[in-house]
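Only one structure is covered here, and it is reproduced in the block below.
The values are calculated or read from the model by the stated rules, or taken from the named source; none is laboratory data. Just so you know, these numbers come straight off a predicted model, no measurement behind them. Every residue, glycine as well, gets a Cβ built from its backbone with ideal geometry; the counts of neighbours run over all protein chains shown.
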Amino acid sequence: MRSTKPTGPSRTTSGASTRTSPARGAGAVVAAPATKSSITRVVFDPVRSQSPTFGGMSFGAVGQYEKLRGTAFGEIAPADPRNALITDIQLAPVNHRGLVEYSMDIFILKPINLRNGNHRLLFDFNNRGQMRLGRFNEAPMTNNPATAADAGTGFIMNLGYTVVSNGWDFGASGVNSMKITVPVATNGGETITGPSYEYIVFDDSTTLTSPLAYAAATTDKSKAALTVRPRLDDRPAAVPLTGWEYTSPAGTAIRLLPVGNPFQQSHIYEFTYTAKDPVVAAAGLAATRDFVSYLRHGTAAEGNPLAGDVQHTISYSISQPSRVLNDFQTLGFNEDTDGRRVLDGILSHTGGGSGDQINFRFGQTDRTERNRQNHLYPESVFPFAHQVLTDHLNGQTAGRSERCEASNTSPKRFEVNTANEYWCKASSLLHTDTQGNDLPDPENVRFYLLSGLSHGVGDITDRKEGQQFTNGVKPFAAHRALLVALDQWVSQGTTPPKSEVPRRAKNAALAVPQQGSQTGVVPQGELGWPTIPGVTYNGLITTRYLLDFGPDLDKGIISNYPPSVAGRPSYPIFVSKVDKDGNEVAGVRLPPVEAPVATTTGWALRRASFGENEGAESDGQHIPFMTTKAERLAAGDPRLSLEERYKDHCGYVKAVTKAAQKLEKQRFLLPADVRRYIEDAQASGVLLP
């Protein structure tokens with residue numbers, strides 16, 4: 001277990017009516033009801049806290065900010081119906097009041113004078129313990145902002161938000177990471193064991209050791225199995241027992257042995273074994289619920305540094321926590337233990353049509369499915385859409401928003417995804433039924449595809465393991481505009497921008513699954529993909545299967561691990577068609593896509609020695625246009641050259657200006673970012689001598 005402890009001296013006080021400056025050391029104690037989930041104690045660490053922070057910078061009318069770092073302690077009532085659905089919560093150790101205890105890192109960045117703020121709590125739902133505040137501010141990503149450079153543009157601070165984060169992921173690690181300590185489940189004090197599975201790929205020729213998510217119940221190698229295969233659809237071959245070993249008697253990692261079994265770079269290794277000591281991982285969802293609720297409703301007498309200030313709560317997340325928020329909603333954690341809404345708004349980026357397996361025994365929250373990896377984990381389990389639907393494959397009826405609607409605690413939500421999530425994480429299932437039919441938008445949800453973007457932001461001078469340069473188009477300008485739009489929807493009822501996604505009825509391409517394999521194919525002609533010299537297209541797309549994890553999956557218990565795809569039915573999924581350049585036609589086309597200098601994709605293929613022609617996971621492609629018509633014709637490239645498109649540098653700047661101003665009218669860009677796009681185009685070397 002990972003421990004969550006302050007790194008410096010701290011002091012705990014109780015009954016404080018106001019918070020002392022963290023530079024002098026302060027904390028608060030909250031008295032908890034005997035049978036109710038709550039935050040019981042908050043300790044602020046004066047060493048990690050700072051007032052003022054950002055080197056004393058002041059942000060417009062809001063003024064200076066201060067940073068509070070510390071630890072929150074809480075309790076969960078297993079008998080509360082809101083908590084009883086947490087897998088293994090009934091098997092967790094309890095204190096003398098019958099409550100399950102946890103502790104977690106906490107972060108608060110607030111105006112020193114709260115009256116000058118906007119009275120919004122912006123919850124930074126951190127990714128593997130790492131906050132994403134820097135993405136809004138165009139600043140370094142850090143959990144410990146301290147300098148003027150850490151403030152970046154100050155976008156969030158100038159608007160007056162209070163930024164909050166807490167540990168929720170038991171697997172988070174590293175210095176300054178937001179961590180949580182959750183209990184280990186036992187069967188009346190006896191060790192619980194069960195099947196576990198590790199998907200292992202090393203894209204280098206030196207790494208031989210892989211940690212296990214859970215320790216092995218026994219280090220008897222005959223009780224485990226390791227297989228290897230070069231490609232995803234190849235038949236796995238057994239690695240002999242002499243080809244691997246546990247690294248220690250604790251059974252927390254395995255090591256490949258080169259004797260008689262040479263290590264193969266980028267080959268797929270799969271390890272199945274019996275694990276022990278499952279953690280109650282979904283306690284992190286209850287902890288998040290209770291901390292946000294405490295900050296919103298707790299009093300100064302209870303030590304709440306935001307007492308009486310928070311009028312609205314909005315979360316921001318990228319990748320893993322966006323999938324966690326899918327589970328957060330599905331499991332009803334947006335209702336606090338007093339029946340109140342926790343998050344008023346959710347700005348969710350790159351969550352796809354997936355969860356995070358946080359509520360399964362021996363779940364691995366750091367795993368994520370893409371077109372070559374982690375297909376056989378319980379990440380992609382019905383329901384997918386917010387509406388209550390019946391899964392035509394298994395007959396189950398459910399919806400992601402079902403519990404929230406029943407308790408009248410549904411948030412306003414923006415589901416933002418890139419092309420990568422449509423190709424690799426079945427994003428279309430967010431807005432279709434399980435048979436692929438378009439659904440109307442729920443009253444409280446809007447969907448946005450950021451056309452032609454990859455999961456992360458690549459480097460257009462770097463190929464990594466892929467065949468082409470990686471996609472460098474950034475989504476963060478759109479995030480800033482969408483935060484403003486979401487805030488206005490939450491606080492003022494202002495109608496948000498309409499959804500922009502590929503629909504079956506228009507601008508969508510059907511992904512045809514290849515039964516019995518882990519990948520499917522989108523036909524080139526149906527997609528509209530041009531034949532570009534030197535660029536391979538094979539239509540590889542992740543197939544969303546209905547997998548058989550065993551009869552107790554609905555109880556959070558996996559018994560068939562890993563499941564097989566052989567003979568399993570799959571769900572139809574859709575991606576956007578592309579224009580004659582290969583750029584997507586549906587969705588929000590940011591200036592680099594609407595006024596392009598390259599074809600940008602959300603998918604990519606691996607190059608030789610790295611699993612050639614298999615999917616490159618989260619990467620996309622940047623495939624530049626030729627500069628002149630003569631160069632294009634000589635190369636046989638069907639895409640117009642820069643010269644043919646824009647004539648000259650001034651023409652390129654005009655095209656970018658038109659694209660950016662159009663997005664501003666649609667409320668997908670703010671004026672400052674429109675100016676920045678134009679300035680960047682002016683400063684670029686496109687069609688300059």
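From the list Gly251, Gly260, pick out the single residue that is part of a loop (DSSP other than H, G, I, E, B), at pLDDT below 95, over 26 Å from the mean Cα position of the chain (by Cα) and more than 23 Å from Arg372 (Cα to Cα).
Gly260
Starting from residues that are of a type in the set (S, T, N, Q) and surrounded by fewer than 21 Cβ atoms within 10 Å (Cβ to Cβ), keep the ones in the stretch 439-491 and report whichever is nearest to Arg607 (Cα to Cα). Once the filter is applied, the top-ranked residue is Gln467. Listed by position, the helices (runs of 4 or more DSSP H) inside the stretch 576-689 whose residues that are buried (at least 18 other Cβ atoms within 10 Å of the Cβ) number at least 2 are 591-594, 642-646, 649-665, 671-683. Residue count for the stretch 151-191 under the criterion of being modelled with pLDDT of 95 or more, part of a loop (DSSP other than H, G, I, E, B) and surrounded by fewer than 16 Cβ atoms within 10 Å (Cβ to Cβ): the result is 1. Based on what the data block shows, is Ile532 in contact with a helix residue (DSSP H, G or I) (Cβ under 6 Å, 6 or more places away or on another chain) and not in a helix (DSSP H, G or I)? No: the conditions fail for Ile532.
Take the conditions outside any helix (DSSP H, G or I) and more than 31 Å from the chain's Cα centre (by Cα) and apply them to Val228. Does it pass?
Against the criterion (outside any helix (DSSP H, G or I) and more than 31 Å from the chain's Cα centre (by Cα)), Val228 does not qualify.
Starting from residues that are assigned by TED's automatic domain parsing to the domain that holds Lys425 and of a type in the set (Lys, Arg), keep the ones in the stretch 589-634 and report whichever is farthest from Lys425 (Cα to Cα). By that ranking, first place goes to Arg607.
Identify all residues within the stretch 56-71 that are in contact with a Gly (Cβ under 9 Å, 6 or more places away or on another chain), of a type in the set (A, V, I, L, M, F, W, C) and crowded, with 16+ Cβ neighbours inside 10 Å; write none if there are none. Across the stretch 56-71, the qualifying residues are Met57, Phe59, Val62. The listed residues are Glu421, Glu415, Glu379, and the only one of them that is part of a strand (DSSP E or B) and either in contact (Cβ under 8 Å) with a residue 12 or more places away in the chain or not assigned by TED's automatic domain parsing to the domain that holds Thr495 (or both) turns out to be Glu415.
Between Asn394, Asn408, Asn371, the distinction of being at positive phi, part of a loop (DSSP other than H, G, I, E, B) and not aliphatic (A, V, I, L, M) belongs to Asn408 only. Note on the stretch 480-511: residues that are out of contact with any Phe, Trp or Tyr (no Cβ under 6 Å at 6 or more places or on another chain), in contact (Cβ under 8 Å) with a residue 40 or more places away in the chain and of a type in the set (Ser, Thr, Tyr) total 1.
Counting only residues that are over 11 Å from the mean Cα position of the chain (by Cα) and of a type in the set (Gly, Ala, Ser), which one in the stretch 354-383 is nearest to Ser173 (Cα to Cα)? Among those residues, the one meeting the criterion is Gly363.
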